[in-house]
Amino acid sequence: MRSYVVLISIVAALGGLLFGFDTAVISGTLNFIQPYFGLSEAGLGWTVSSLLFGCIAGVFMAGKAGDHYGRKKVLMFAALLFFVSAVGSASAHSLVFFLVARVLGGLAVGVASILSPMYIAELAPAKYRGTLVSLNQLAIVVGILVAFFSNYILVGTGENNWRWMLLVMAAPAVLLFFSLFLVPESPRWLVARNRNKEALDVLIKTSGEEFAHAELKEINETLKNQEESTFSELFSPKIKPLLFIGIILAVFQQITGINTIMYYAPKIFANVGQSNDSALLQTILIGGTNLIFTLVAMVLIDRYGRRMLIIIGSAGMTLMLAGLSVLFFTNHTSSVLVLVFILGYIAFFAASLGPALWVVAAELFPNRLRSKGMSVAIVALWIACTIVTITFPIMLERLSGGITFLIFALICLANLLYVWRFVPETKGKTLEELEREFANVKM
Ligand code: BGC
């Protein structure tokens, strides 16, 4: 694999790192911002979810702006937003100011959540596309871990500790902004703007002289004589089935419950009677497992394909959650098996749905509709994420752990059956080959 492509992917994946960091950093600040801004429990809920509302708007914005201004420029804009959000939220003296800063951060997360994987997919050679796009998921996971660690380190810095926690994000934001100067624009976007010469230069560097000309020709064919796309085209008979697959997979990635663990692990552990002291250890175990099994996925995804990974991963997730549910039903929650099942669940997610969803979402749509199609699917993801985040504590309280985890286990099983029956394999083919294939297949 060419080091140039790896460099480009790493730069773009910094967007994923900021995505992970920004969504996770808030958890460590809660106990301090609540008294500072005088927030009720409900107020705290709104403050936390303000980011998620920003995300939804950001994804839509990126869908349109990514086509108009290019993937790279809009990612640069996101880097600026991340910076402003970090400095703004860290220096806030009023709640309104704080919320505005968090919403701006959310906009940036939304933009990065689609443009980083999409940009990598559009630059990567077909053979390594799965691995390279998964690098973005690795970065998300690293971002989450860095946030947990930096919060832990900064918690003892006095009454302004939460400000420092939030300010940390300014550093990777600056890094993303400047490193984007080192990478080229997506060749597929350049062709859409009739900038064939520049597209060819990029393709020569990413795929090599021998493939570049043929690839350029193929990209041109998929884009020829077409005006700028519209969102309504996503509902045309040929594209609608792809849109459904994207939306359903994105929603499944969230409703299989990953963020019940990522966001609420301490609450679950407290629920089963464990002390707060072990919080850091749990964070390391959860974050570390997530990281290691994302690496496993990166090795396997282009060899065995996206479908195989998701099918096996969903089966594993189903079993782990079913096990957890049984422990709750039989009142064996003090058992070390709780931790074993939770870590097993994370491992199966990280090796499958975690990265594979982002890979497939970036591959499904034809060149001219990729930005818009992916944005609709990922808006669905953020909405599902918001709903699960808000309802999980209520489910745990009203339905008990046994029923709650049983429901998530059944959803994982449904995901398995859905992917097995409806989701096509996308490994190893160029985006143009996939485009032709999907145009001819009745789904
Ligand atoms: C999901 C996030 C999740 C993260 C955990 C991502 O693929 O979209 O919602 O927090 O994985 O690793």
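Just so it is clear, none of the values below were taken in a lab; they were calculated from the coordinates. Being a predicted model, the structure only gives us computed values, none of them experimental. Neighbour counts run over all protein chains shown; Cβ positions are idealised from the backbone, glycine included.
Assorted remarks:
- Whole-number D in µm²/s for segment 74-170 (Stokes-Einstein; Kirkwood sum over Cα pairs; 4 °C, 1.567 mPa s): 88
- By the helix-only formula, in which each DSSP H run with n ≥ 4 contributes -39500 (n - 2.57) and the sum is divided by residues, the chain has a 222 nm mean residue ellipticity of -27500 deg cm²/dmol.
- When the Gaussian network model of the chain links Cα atoms closer than 10 Å, the mean-square fluctuations of Gly323, Gly208, Gly401 top out at Gly208.
- Under 18 Å from the Cα of Lys64 - lysines, other chains or at least 8 residues apart: Lys72, Lys73, Lys372
- Each peptide in 46-54, 373-381, 210-218 receives the mean, over its residues, of other Cβ atoms within 10 Å, and ordering these scores from highest gives 373-381, 46-54, 210-218.
- As a proxy for reagent exposure, ranking Ile204, Ile387, Ile26, Ile255 by other Cβ atoms within 10 Å from fewest up yields Ile387, Ile204, Ile255, Ile26.
- Across segment 344-392, Cα-Cα distances exceeding 18 Å account for 45% of all pairs.
- A dipole drawn for the chain from +1 and -1 charges on Cβ atoms has a positive end, and of Val87, Leu51, Phe408 the residue lying farthest that way is Phe408.
- Angle in degrees between helix 279-304 and the longest Cα principal axis of the chain, rounded to the nearest 10: 20
- Using only Cα coordinates, the Kirkwood hydrodynamic radius of the chain works out to 22.1 Å.
- Ordering 163-176, 7-20 by mean Cβ neighbour count within 10 Å, with the highest value first, yields 7-20, 163-176.
- Taking every C-alpha pair closer than 8 Å and separated by at least 6 residues, the mean separation divided by the residue count of the chain gives a relative contact order of 23 percent.
- Centre separation in Å (Cα based) which lies between segment 42-99 and segment 162-220: 22
- Placing +1 on each Lys and Arg Cβ and -1 on each Asp and Glu Cβ, with no other charges, gives the chain a dipole about its Cα centre of roughly 480 debye.
- Using alpha-carbon coordinates, inclination of helix 129-154 to the longest axis of the chain, degrees: 30
- Per residue convex hull volume, Cα atoms of segment 1-183, in Å³: 101
- Neighbour-count order for Lys197, Lys427, fewest beta carbons within 10 angstrom listed first: Lys197, Lys427
- Ordering Gly38, Gly156, Ala65 by the projection of their Cα atoms onto the charge dipole of segment 1-183, which places +1 on the Cβ of Lys and Arg and -1 on the Cβ of Asp and Glu, puts Ala65 at the extreme positive end.
- Rounded to whole Hz, the Karplus (6.51, -1.76, 1.60) HN-Hα couplings of segment 84-90, x for glycine and proline: 4, 5, 4, 5, x, 5, 5
- Relative to the compact-globule estimate of 2.2 N^0.38 Å, the Cα radius of gyration of segment 17-93 comes out at 1.27.
- Under the convention that each Lys and Arg Cβ holds +1 and each Asp and Glu Cβ holds -1, the size of the dipole of segment 165-306 around its Cα centre is about 300 debye.
- Over segment 230-443, relative contact order from alpha-carbon pairs under 8 Å, at least 6 apart, %: 38
- Against the main long axis of the alpha-carbon atoms of the chain, helix 306-329 sits at an angle near 10°.
- Between Glu221, Glu425, Glu185, the Gaussian network model of the chain with springs among Cα atoms under 10 angstrom shows the greatest mean-square fluctuation at Glu221.
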